[in-house]
Amino acid sequence: MGLKILTEHINVPGINTFETYRKMGGYRSVEKALKTMTPDEVVDEVKKSGLRGRGGAGFPTGMKWSFLAKPEGKPRYLVCNADESEPGTFKDRVLMEKIPHALIEGMITSSYALGARTSYIYIRGELMFVLRILEKAIAEAYAAGFLGENILGSGYSLDLHVHPGGGAYICGEETALLESLEGKRGNPRNKPPFPAVQGLYACPTVVNNVESIATVPWIVNNTGEEYAKIGVGRSTGTKLISAGGHLNKPGVYEIELGLPVEEFLFSDEYCGGIWKGRQFKAVVAGGSSVPILPAQLFLKTAEGTPRLMTYESLSEGGFVSGTMLGSGGFIAMDDTTCIVRNTWNFSRFYHHESCGQCSPCREGTGWMEKILHRIEHGHGHMHDIDLLVNVSKQIEGNTICPLGDAAAWPVASAVRHFREEFEWHVKHPDKATAPGAVYRGAEDLAFA
Amino acid sequence: MNEITTQAEVQFSEEAMAEIRRYISHYPPDRKKSALLPILHIAQAEFGGWVSPAVQDKVAEILEIQPIEVYEVATFYTMFNLKPVGKHVLEVCRTGPCMLRGADQLIEHLENRLSCHVGENSADGMFTLKTVECLAACGFGPMLQIREKYYENLDPEKIDQLLDDLRKQ
């Protein structure tokens with residue numbers, strides 16, 4: 001049983017209430033930080049912890065905090081990115097739904113560290129039932145004196161609000177989120193300036209993921225050094241993994257980073273293996289935007305090293321034979337899965353969600369979806385396969401925000417690893433699904 | 001409900017106005033526009049599940065912004081219905097993880113049961129069938145959302161029961 005930092009008390013009855021959360025040791029980090037630490041000392045602890053942003057990018061949280069522009073008479077903001085919309089990822093929703101006070105405690109401690117007097121939780125609009133849970137918990141925190149004026153007599157004051165989005169995946173991108181929070185379309189901004197300099201209302205702003213913020217209380221309570229001892233190398237701490245797809249036990253699991261992927265996938269403590277006794281064919285390890293990997297390459301790298309659940313191990317081999325931990329959105333596929341259909345589905349998603357601001361993304365995502373649709377529906381040509389790769393290359397790196405990359409990588413990696421399956425579809429237009437897995441084999445990867 | 005065609009006909013309830021004022025108070029006084037998305041949600045719930053042009057004009061008036069600023073937002077975000085919907089809007093997730101667990105079959109089953117296609121209202125006006133992209137329920141698919149409630153781990157039998165229950169409401 002691995003160490004649980006975020007989910008230790010998740011099954012305690014009534015943990016969604018202030019009273020029970022407090023009884024289980026909740027809000028200690030607020031007391032400790034506000035009464036015994038300066039804001040800079042809190043930032044230093046987070047730096048020492050090695051905590052990396054849990055929204056997907058994996059950027060060091062403490063470093064991000066230290067970029068925040070010094071006060072120049074402008075307010076500073078902390079905005080929690082709870083716009084969880086990445087296919088395969090549902091960890092933040094579960095955390096907020098079950099233990100809303102964990103996020104609120106993290107928001108208070110983090111806001112104190114950053115000098116924010118007003119903070120926002122931007123939650124995706126579809127999760128209105130979670131918004132209600134959070135609002136109730138925030139009201140409890142106000143009533144208990146942990147929010148509002150002069151918190152615990154420390155002289156520090158904070159207002160915390162929840163803001164619903166309107167249904168747009170792009171608002172998970174931090175600058176699009178800020179535009180949306182300002183009441184506009186969620187079009188990403190050009191960077192620089194980064195939000196740390198010009199964020200919400202052109203004021204210095206930090207945008208952090210739910211899981212990152214909810215981890216801060218443990219770091220403050222136990223020190224950054226203790227947190228850094230968990231995990232492997234630069235992948236410190238624990239991570240929530242949302243496991244979905246063809247699994248015996250889908251759900252949200254908290255793992256210590258460094259857990260072997262094979263243990264995560266097959267042990268009864270976690271996913272319990274592939275459902276219906278079928279074979280494991282492929283996986284998307286970090287949310288739909290990361291490259292898909294065939295089963296063999298997920299369990300071991302092209303060099304034969306067993307993969308671990310860490311940022312580094314999963315990306316070993318680059319995009320030729322590796323993937324990314326990303327948001328921890330884990331989608332397993334059994335041997336009946338049609339990779340072409342799956343790729344078309346994800347491509348349709350990115351076409352639907354492109355904000356339309358950059359031509360390569362606006363036009364390219366639609367083009368890829370059309371090509372994949374015709375291959376999947378028996379109207380494809382052999383040259384369509386190379387065309388797909390070509391279009392994905394034209395999108396990658398040529399857009400303001402990473403949605404273009406997110407749309408390109410699943411397509412390029414699917415063709416790289418499962419090209420025969422695409423060819424099979426073109427040759428057999430009347431058949432819906434290619435038979436069995438057609439992984440090319442590690443020896444081919446050098447030429448991919 | 002019948003279509004509201006003029007802004008003058010749009011009257012939020014006192015309860016809704018209190019909620020609107022509460023949201024506006026969350027933002028700096030010169031940044032009232034920030035409350036636009038929350039208010040559009042309130043408006044949609046208040047006026048039959050969709051936001052007509054007249055309703056959007058009223059929202060603009062409340063926030064002291066130009067109507068175009070509301071239109072461009074309402075059309076950008078997928079949660080706002082721009083034409084009348086049925087009493088129950090069924091939003092089925094069709095994205096990857098749900099597809100792997102049978103979302104396509106679920107959608108087909110609903111189309112047959114409701115005798116309408118995705119994007120349409122059932123003949124009796126009771127249901128609107130929509131597909132949506134990823135609702136953060138990837139481990140519990142296939143699923144659908146009705147207003148603020150999630151229905152997860154669905155199969156045809158559960159769907160039939162759900163439709164029967166909704167028809168009785």
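Values in this text are rule-based calculations from the coordinates and carry no lab data. Owing to the predicted nature of the structure, the values given are computational and were not obtained by experimental measurement. Here Cβ is always computed from backbone atoms with ideal geometry, including for glycine, and neighbour counts include all displayed protein chains.
If you rank B:Phe12, A:Phe349 by fewest surrounding Cβ atoms within 10 Å, what's the result?
Exposure proxy ranking, most exposed first: B:Phe12, A:Phe349.
Report ³J(HN,Hα) in whole Hz for each residue of region B:10-23, in order, from the Karplus equation J = 6.51 cos²θ - 1.76 cosθ + 1.60 where θ = phi - 60°; Gly and Pro get x.
Each residue of region B:10-23 in turn: 7, 10, 6, 5, 4, 4, 5, 5, 5, 5, 4, 5, 4, 5 Hz.
Amide H neighbours of B:Thr131 under 5 Å, at least 5 residues apart or on other chains, H built in the peptide plane: list them.
Placed amide hydrogens put B:Val92, B:Gly119 under 5 Å from B:Thr131.
If you take all C-alpha pairs in region A:339-441, what percent of them are over 17 Å apart?
45 percent
With a 10 Å Cβ neighbour count serving as the proxy for reagent exposure, in which order, fewest first, do B:Thr131, B:Thr75 appear?
Least crowded to most crowded, the residues run B:Thr75, B:Thr131.
With each run of n ≥ 4 DSSP H residues scored as -39500 (n - 2.57), what mean residue ellipticity at 222 nm is computed for chain B after dividing by its residue count and rounding to the nearest 500 deg cm²/dmol?
-13000 deg cm²/dmol
Pop the C-beta distance of A:Thr336 and A:Lys136 into the FRET formula with R0 = 35 Å and round what comes out to the nearest 0.05.
Calculated transfer efficiency: 0.20.
Straight-line reach only, C-alpha to C-alpha below 20 angstrom: list the lysines that A:Lys239 could link to, leaving out same-chain residues fewer than 8 apart.
List returned: A:Lys4, A:Lys47, A:Lys48, A:Lys64, A:Lys91, A:Lys98, A:Lys229, A:Lys249.
Sequence-distant or interchain residues sharing an amide H contact under 5 Å with A:His163, placed H: which?
A:Ile121, A:Tyr122, A:Ile123
Within chain B, what percent of beta bridges assigned by DSSP are antiparallel, to the nearest 5?
Given both bridge residues lie in chain B, the antiparallel proportion sits at roughly 55 percent.
Pick out, in residue order, every one of the GluC sites (Glu not before Pro) in region A:116-208 that is DSSP loop and has at most 12 other C-beta atoms within 10 Å; say none if there are none.
Filter output for region A:116-208: A:Glu149.
Can you compute the modelled spin-label distance between A:Glu269 and B:Asp160, with each label point 7 Å from Cα toward Cβ, in nm?
4.3 nm
So what are the ³J(HN,Hα) numbers for region A:78-90, from phi and the Karplus equation (6.51, -1.76, 1.60; θ = phi - 60°), rounded to whole Hz, Gly and Pro as x?
Computed from phi, the couplings for region A:78-90 are 10, 10, 8, 8, 10, 8, 5, 10, 6, x, x, 10, 8 Hz.
Rounded, prolate or oblate, given the Cα gyration tensor of the protein assembly as shown, with a/c below 1.5 counting as rounded?
Judged from the Cα gyration tensor, the protein assembly as shown comes out oblate (a/c at least 1.5, b/c at or above a/b).
Mind listing the Cα extents of region A:260-334 along all three principal axes, in Å, largest one first?
The Cα atoms of region A:260-334 stretch 32, 25, 20 Å along the principal axes, largest first.
Quickly work out the A:Leu3-to-A:Lys35 label distance, labels modelled 7 Å from Cα along the C-beta direction, and quote it in nm with one decimal.
About 2.5 nm separates the two model spin labels.
Residue by residue, what Karplus-based ³J(HN,Hα) values in Hz, rounded to whole numbers, does region A:134-150 have, using 6.51, -1.76 and 1.60 with θ = phi - 60° and x for Gly and Pro?
5, 5, 5, 5, 5, 4, 5, 5, 4, 4, 8, x, 8, 9, x, 6, 6
By a straight-distance test (C-alpha under 20 Å), which lysines pair with B:Lys168 as possible cross-link partners, with residues fewer than eight away in the same chain excluded?
Excluding near neighbours in sequence, the set is B:Lys87, B:Lys149, B:Lys158.
Mind checking which lysines have their C-alpha under 20 Å from B:Lys32, skipping anything on the same chain fewer than 8 residues away?
Within the straight-line cut-off, B:Lys32 pairs with A:Lys74, A:Lys184, B:Lys58.
Take every residue in peptide B:27-35, count the Cβ atoms of other chains within 10 Å of its Cβ, and give the average of those counts.
4
Can you give the mean number of other chain Cβ atoms that lie within 10 Å of the Cβ atoms in peptide A:176-183?
4
Can you sort A:Trp218, A:Trp424 so the residue with the fewest Cβ neighbours within 10 Å comes first?
A:Trp424, A:Trp218
Residues with amide H under 5 Å of B:His88's amide H, sequence separation 5 or more or different chain, H placed in the peptide plane at 1.01 Å from N; which?
Here B:Phe127, B:Thr128 satisfy the definition.
How shielded is A:392-400 by partner chains, expressed as the average number of their Cβ atoms within 10 Å of its Cβ atoms?
0
What is the spin-label model distance, in nm, from A:Thr20 to B:Ile68 if the labels are put 7 Å beyond Cα along the C-beta direction?
5.2 nm
Rounded if a/c is under 1.5, else prolate if a/b beats b/c, else oblate: with a ≥ b ≥ c from the C-alpha gyration tensor eigenvalues square-rooted, which is region A:73-164?
prolate
Working from Cα positions, state the angle (0 to 90°, nearest 10) between the long axis of helix B:67-76 and the longest principal axis of chain B.
20 degrees
With a 10 Å cut-off between alpha carbons and a GNM built on chain A, which of A:Asp40, A:Asp430, A:Asp335 moves the most?
In the Gaussian network model the winner is A:Asp430.
If I take R0 = 41 Å and measure r between the Cβ atoms of A:Ile10 and A:Val232 in this structure, what FRET efficiency does the formula 1/(1 + (r/R0)^6) give, to the nearest 0.05?
Calculated transfer efficiency: 0.95.
What ranking, highest mean first, results for peptides B:133-140, A:336-343 when packing means the other Cβ atoms within 10 Å averaged over each residue?
B:133-140, A:336-343
Cα gyration tensor of region B:88-168, axes a ≥ b ≥ c as square roots of the eigenvalues: rounded (a/c below 1.5), prolate (a/b > b/c) or oblate?
Prolate.
Count neighbours as other Cβ atoms within 10 Å of each site's Cβ, and list the GluC sites (Glu not before Pro) in region A:302-344 that are DSSP loop with at most 15 such neighbours.
A:Glu303
To check you understand DSSP bridge types, tell me what percent of the beta bridges within the protein assembly as shown (both residues inside) are antiparallel, rounded to 5.
Restricted to the protein assembly as shown, the bridges split so that about 50 percent are antiparallel.
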